[in-house]
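Peer 1: Take a look at the following structure, please.
What follows draws every value from the coordinates through simple rules; no lab data is involved. This is a predicted model, so every value here is computed, not measured. Here the Cβ is made from the backbone with ideal geometry for all residues, glycine too, and neighbour counts use every protein chain on show.
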Amino acid sequence: MGKYWLPFEFFKEKNKLKDVKEFHVHDSDVIIASFPKSGTTWIQEIVHQLSDGLSESEELTIEEIFPYIEYVYPGLKHLAKCTSPRYMKTHLPYELLPDDVYTGHGKVIYIARNVKDVSVSYFHFIKMLTITKYSGEFNDFLTTFVDGKDHVLGYWKQREQSNILFISYEDLHKNPVVVIKQISSFLGKSVDEKQMLEIAFQCSFSQMKSNPLVNYSWWHDLGISDKKQTDFMRKGKVGDWMNYYTEDMLKKINVCCIEPAEKEQLILKDNL
């Protein structure tokens, strides 16, 4: 098993990881998985739009519709009581998912994003969180960030499993309708072309950024995010890394993250 940094606040409960591993996954469960700031909310909203079972939850935020598996609130006990189909999300590595996933239970949609854009987006996200009080520069952040490279490869190596769908942020950005079709087929949903186009529009970055049930603006009211920093949904672009990376940074990220991924035939576009 790889080595991972896990937030203490989520795992300070005794036996929390054991409880996650033993959590019973239903065949009808849908789990959205990703490394943070890779397009998690985007996929959630697409699945939300595709799933008729969520039609009665229009007044719920996307955070309420897709609770985290690993978060303290609402917690595994709450998830266990939810009726099927259940929708949830996680940033856990593949090796730490509930064991039922490995035997084909539930459907996991994993979205990956090029590591350079992820690092920039995550940097701004960490600065936005009031709990972190992070005030470092991007170069300082990048030194710590590169320790998370095993996350994407863990899911990539399982992409042939029938209950795993591996997609990229860049493909979704370039051809949203094509990727939405992949997702709908994976979930067994029948959606016509007109509906596909409507979902692609509703799930565009501009639409989600202005949607108060999707844009995490409620974090400001809860004191989770600093209003003086960036919004939760910042730019949603491919290639913003070019505004941050120096030659030395590129060498660091290439050796640490990109080259190991390419050895496994995983190549994520960093510009469109």
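Peer 1: Going through the cross-link list K18/K235; K89/K181; K77/K237; K133/K235, which pairs have a Cα-Cα distance over 31 Å in this structure?
Peer 2: On the way: K18/K235 37 Å; K89/K181 20 Å; K77/K237 37 Å; K133/K235 22 Å.
Exceeds cut-off: K18/K235; K77/K237.
Peer 1: Go through K157/K209; K107/K127; K21/K263; K37/K228 and tell me which ones have a Cα-Cα distance over 27 Å in this structure.
Peer 2: Too far apart for the 27 Å limit: K157/K209; K107/K127; K21/K263.
Peer 1: Mean 1/r over all different Cα pairs, inverted: what Kirkwood radius does region 74-215 give, in Å?
Peer 2: So the Kirkwood estimate lands at 17.8 Å.
Peer 1: I would also like to ask the following. Out of region 119-182, which GluC sites (Glu not before Pro) are coil in DSSP terms and have no more than 10 other C-beta atoms within 10 Å?
Peer 2: E137, E160
Peer 1: Just subtract the alpha-carbon distance of E193 and Q161 from 0.36 nm times their residue separation and send over the number in nm, one decimal.
Peer 2: 8.7 nm
Peer 1: Run the numbers on the chain and let me know its relative contact order in percent, using alpha-carbon pairs under 8 Å that are six or more apart.
Peer 2: The normalised contact order for the chain reaches 25 percent.
Peer 1: For region 19-263, just say rounded, prolate or oblate: build the C-alpha gyration tensor, square-root its eigenvalues into a ≥ b ≥ c, call rounded for a/c under 1.5, and beyond that prolate if a/b exceeds b/c, oblate if not.
Peer 2: Cα axes put region 19-263 in the rounded bin.
Peer 1: Can you tell me which of S121, S206, S38 moves the most in a GNM of the chain? Springs connect C-alpha atoms under 10 Å apart.
Peer 2: Evaluated over the chain, the most mobile residue of the options is S206.
Peer 1: Which length gain, in nm to one decimal place, applies between A80 and D140 when the Cα-Cα distance is subtracted from 0.36 nm times their residue separation?
Peer 2: 17.6 nm
Peer 1: Right, another one. Starting from the Cα-Cα distance between V255 and N211, subtract it from 0.36 nm times their residue separation and give me the gain in nm to one decimal. Display every interim value, and only then the final one.
Peer 2: Values: separation 44, 0.36 × 44 = 15.84 nm, distance 3.89 nm.
Extra length available between V255 and N211 comes to 12.0 nm.
Peer 1: Report the label-to-label distance for T246 and D99 in nanometres (one decimal), using points 7 Å from each Cα along the Cα→Cβ vector.
Peer 2: My value for the distance between the label points is 4.9 nm.
Peer 1: Arranged by the count of other C-beta atoms within 10 angstrom, fewest first, what order do M233, M128 take?
Peer 2: Values: M233 18, M128 22.
By the 10 Å Cβ count, ascending: M233, M128.
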